[in-house]
Amino acid sequence: MANEQIEAWLHEMRSFEPSATFAEKANVSASEYGTASQDPEAWWQQQSKRLTWTTAPTKGLEWNPPFATWFADGMLNASFNCVDRHVEAGKGSKVAIHWVGDGEGEERVITYSELQELVSKCANALTDLGVSSGDRVAVYMPMIPEAVIAMLAIVRLGAMHSVVFAGFSADALASRIQDSDCHFIVTADGQFRRGVPVPLKPAVDEAVNVCPNIEAVLVVERTGTDVAWNDDIDHWWHETVDLSSPIHNCEGFPAEHNMFLMYTSGTTGKPKGILHSTAGYLVGATTTYANVFDIKPESDICWTAADIGWITGHTYIVYGPLLNGVTQVMYEGLPDSGGRDRWWKIVERLKVSILYTAPTTIRTLMKWGTEHLQPYDLSSLRVLGSVGEPINPEAWMWYREFVGGNNCPIVDTWWQTETGSIMISPLPGVTSTKPGAAMRALPGINVDVVDEAGKSVPNGHGGLLVITKPWPSMTRGIWGDPERFEETYWSKFPGIYFAGDGAKRDEDGDIWLLGRVDDVMNVSGHRLSTTEIEHAIVGFPAVAEAAVVGASDETTGQAVVAFVTLKLSEDEHENDHAVIIEAIRQHVSKAISPIAKPRQIILTPELPKTRSGKIMRRLLKDVAEQRTLGDVTTLTDPTVVAMISGLMGQHSTED
Ligand code: WTA
């Protein structure tokens, strides 16, 4: 984000008080902050009663920094808590998932009873295929109910899911499978994108070629397109799951039993497998969902417009809503599948009351114009959420005015794959909100903004965001790499969690998030590592060196900009620049994902370096954002940056 932009943002003075009518019926009152802060551990123990346990825990937190356990002597089953217990409580006929397909008119309605049967069948089929407690199962799926069913069936057996976003390439899928040694994959033949079938199975086949430990691949027929078939390991969902018994009695697992892995980008080239354990994660998911969105399970229709391939989909499509027993909308398509008014049609017809999405989507919808939503009755909406990146005040105000009719609290929720659930957010009905601020830590969560020395900054100052006390849904580690876990999050300020985000505390003490302070970028709410993209670019044969920066972008928040030097002299290849640039972009797309493809590639004979040989990414960011250059005195050759600035307009491509 450009500094001027942040400055403008921080002078934002508007504040919106909760309405009296909302506050009257709100799930949480302001006193909750006080109760929780007096004794956070006791407060979380109280929240753990939201779950159904086969053995209730007597223990709360055990803390050996940086390793925590929560409720460790309790036993429970995650899937039972999401599904069976609602059926046992007489709510079996309530709709759990109202699925809306990419194509208009294609819908499925699944009640809690039906979900119980489907999950049980899937658990039985997975058992027959050899899945058992402790196994890792990769899930590479479109946004169809089977994705949720598979995740619930996997954890029902005490196995772990590792969901890989279906937009990732075969290489990215394979490296994630290898890192955690998955022996099983659940996938589909393909997925629909604006009515066009896009294959998925070929990427799985390619990954399987380099993952010899794969024993079985379970395949949902979604698009009906032809797929290659390996009789030894491939199994159709409709020939296995559909024919399995709908009865599956599940057992309780220890509270700290590993539940899932979610790979995410870090500052090094290699994605890390963020590990979550069972009870603490579920307590965080159910409590934050109920509080932050003021969930009324009897009447709310909830829609988290995200993908299950990201942590938001895990916590607020699968676990949070199902633990709370709500009816939710699950949407397969893009915001404009079938037209730019598609979302608003869905909101009106299904009477969506809770909507949760990312700023990048809000900005896109805003760009398309209000004419697409004005014909629709959106008065069913009560709470609007934002997640994934800082939301600029314009987008926040648009969301409030045009989507929420000036009548819905906006909750800007800050959290991470590692935190498992929301950490900082307004509470609807309690907190006065400011456009662009995440406001304050939730009850039971303790955060601070500190300087480089770890000292709390006074109001009106910026610094680094830290979480000062352990919380139930915190990650239990990086798969197979405890050292990296300690080093990344716990070494900067010992015993305190360093989030990697910059933040500011305003004059009232409210928190504003200012983006990452490390080499992680946020493109359309997707977390990408600059190093990982640099590695991919350098893997391209003609490339000598690459420096990648996240430049601010009006729609996507940040965009990938790459500065690249070629192995051969530029002159020899002058005519082929456009071809090489396109080939590098395709190469990145294949190595990581289309979302990592640079928006711009600038071919340059040199990169700016310090005398010790470090590439000055800070200056390249200035160049990419077309800003006045910062301090260049430490460079070996200060003229290099000016030359690169000159090249920006010439040798670049944009989508
Ligand atoms: C950023 C997504 C500002 C932040 C749930 C964090 C945000 C990273 C917000 C985690 C927000 C998330 N305001 N920034 N409301 N929410 N972020 O792991 O930089 O995909 O560190 O989790 O997204 O991304 P992740």
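Points worth noting:
- On full extension, the segment bounded by residue 368 and residue 54 gains 108.0 nm, given 0.36 nm per residue less the C-alpha separation.
- Within the full protein context, the accessible area of residue 566 is estimated at about 30 Å² for a probe radius of 1.4 Å.
- Based on alpha-carbon atoms, the Kirkwood radius and the radius of gyration of the stretch 237-340 give Rg/Rh equal to 1.03.
- For the stretch 405-559, with +1 on Lys and Arg beta carbons and -1 on Asp and Glu, the positive-most of 490, 541, 414 along the dipole: 414
- Mean projected area of the convex hull spanned by the Cα atoms of the stretch 310-407, taken over all viewing directions: 6.2 nm².
- Evaluated at q = 0.17, 0.22, 0.23 Å⁻¹: base-10 log I(q)/I(0), Debye formula over Cα of the stretch 287-328: -0.38, -0.63, -0.68
- Counting every pair of alpha carbons in the stretch 118-215, the share spaced more than 23 Å apart comes to 21 percent.
- Alpha carbon centroid spacing (whole Å) that separates the stretch 542-558 from the stretch 411-441: 28
- Under the Debye formula (equal points on every Cα, no solvent term), log10 I(q)/I(0) of the chain at q = 0.06, 0.09, 0.10 Å⁻¹: -0.32, -0.75, -0.94
- In nm, spacing of pseudo-spin labels at residue 245 and residue 459 (7 Å Cα→C-beta vector): 6.4
- Comparing the stretch 358-449 with the 2.2 N^0.38 Å rule of thumb, its C-alpha radius of gyration ratio is 1.12 (two decimals).
- About its Cα centre, the stretch 1-160 has a charge dipole of approximately 580 debye under the convention of +1 per Lys or Arg Cβ and -1 per Asp or Glu Cβ, with nothing else charged.
- Treating each Cα of the stretch 392-520 as one equal point scatterer and applying the Debye formula with no solvent, the log10 of I(q)/I(0) at q = 0.11, 0.19, 0.22 Å⁻¹ comes out as -0.41, -1.09, -1.35.
- Magnitude of the charge dipole for the stretch 428-538, about its Cα centre and with charges confined to Cβ atoms of Lys, Arg (+1) and Asp, Glu (-1), is about 380 debye.
- Within the chain, the whole DSSP H helices whose Cα atoms reach 15 Å or more along their own axis and whose mean Kyte-Doolittle score is at least 0.5 are 145-156, 278-292.
- Quarter of Cα convex hull surface for the stretch 137-292, i.e. mean projection, nm²: 11.3
- The stretch 73-170: equivalent-ellipsoid semi-axes (sqrt of 5 x gyration tensor eigenvalues, Cα, Å): 22, 21, 11
- Rounded D (µm²/s) - the stretch 510-571, Kirkwood Rh over Cα pairs, Stokes-Einstein at 37 °C, 0.692 mPa s: 255
- Estimated [θ] at 222 nm from DSSP helical runs (n ≥ 4, -39500 (n - 2.57)) normalised by residues in the chain, nearest 500: -7500 deg cm²/dmol
- Percentage relative contact order, the chain, counting C-alpha pairs under 8 Å, at least six apart: 13
- Remark: spin-label model distance residue 89-residue 518 equals 3.8 nm, labels positioned 7 Å along the Cα→Cβ axis.
- Segment residue 394-residue 481, length gained on full extension (0.36 nm per residue, minus Cα span): 27.2 nm
- Antiparallel %, DSSP beta bridges [both residues in the chain], to 5: 60
- Approximate spin-label separation residue 27-residue 639, in nm, with each point projected 7 Å along Cα-to-Cβ: 6.4
- Fully extending the segment from residue 230 to residue 270 would add 11.4 nm, taking 0.36 nm per residue of separation and subtracting the current Cα-Cα distance.
- Summing Cβ point charges (Lys, Arg +1; Asp, Glu -1) relative to the Cα centre of the stretch 13-83 gives a dipole of roughly 200 debye.
- Computed accessible area, residue 93, all protein chains, 1.4 angstrom probe, square angstrom: 100
- In the stretch 261-338, Cα pairs under 8 Å separated by at least six residues give a relative contact order of 28 percent.
- Kirkwood hydrodynamic radius of the stretch 1-141, from inverse mean 1/r over distinct Cα pairs, in Å: 20.6
The values are calculated or read from the model by the stated rules, or taken from the named source; none is laboratory data. Everything numeric here is computed off the predicted structure, so don't read it as measured data. No Cβ is skipped: glycine too gets one built from the backbone with ideal geometry, and neighbour counts run over all protein chains shown. Calculation scope for accessible area: heavy atoms of the full protein, side chains included, ligands and nucleic acids excluded. Shrake-Rupley method; radii C 1.70, N 1.55, O 1.52, S 1.80 Å.
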